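What follows is one structure encoded as structure tokens, with my remarks underneath.
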Amino acid sequence: MRVIEFEGNERGFLFTYHRVREGQNFFVGYYKNSSQLFYDPQNAWRMLGVAKFTDVGKALKAWCVEMNAQYGDEVKEGYEDGSFAGDTKAIV
């Protein structure tokens, strides 16, 4: 897992983007003594409430959209499951 931090993070305001090998990438936001996990960049930005219209809020929105555009729709290369558990044929 690779964690990318927002440049405007401060004490009491922390946003990170987590790139994972398996599954969907996600955002983690910490604001006003509350932390939440988001898969949608707009929901991460909406966590700020009315503060989303400040300069830092606008920078966070741009960063979230950029991270999602750069890494969000990334196709993860996998391999074909050749195990017995992955076999879809019925055993008769």
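The values are calculated or read from the model by the stated rules, or taken from the named source; none is laboratory data. Everything quoted here is computed from the prediction, not taken from an experiment. Don't worry about glycine lacking a Cβ; one is built from the backbone with ideal geometry, like all the others, and counts go over all protein chains shown.
Please pick out the residue among Tyr17, Tyr30 that is buried (at least 17 other Cβ atoms within 10 Å of the Cβ) and modelled with pLDDT of 90 or more. Walk me through how you get there before you give the answer.
Working: Tyr30 fails: buried (at least 17 other Cβ atoms within 10 Å of the Cβ).
Matching residue, one of Tyr17, Tyr30: Tyr17.
Being modelled with pLDDT under 90, under 20 Å from Ile4 (Cα atoms), within 19 Å of the chain's Cα centre (by Cα) and surrounded by fewer than 11 Cβ atoms within 10 Å (Cβ to Cβ) narrows it down to one residue among Gly72, Gly23; which is it?
Numbers: Gly72 fails: surrounded by fewer than 11 Cβ atoms within 10 Å (Cβ to Cβ).
Being modelled with pLDDT under 90, under 20 Å from Ile4 (Cα atoms), within 19 Å of the chain's Cα centre (by Cα) and surrounded by fewer than 11 Cβ atoms within 10 Å (Cβ to Cβ) holds for just one of Gly72, Gly23, which is Gly23.
Pairs under 6 Å by beta carbon, first residue charged (D, E, K, R) in region 18-32, partner crowded, with 17+ Cβ neighbours inside 10 Å, six or more apart or different chains?
Partner pairs satisfying both residue conditions: Arg19/Asn25.
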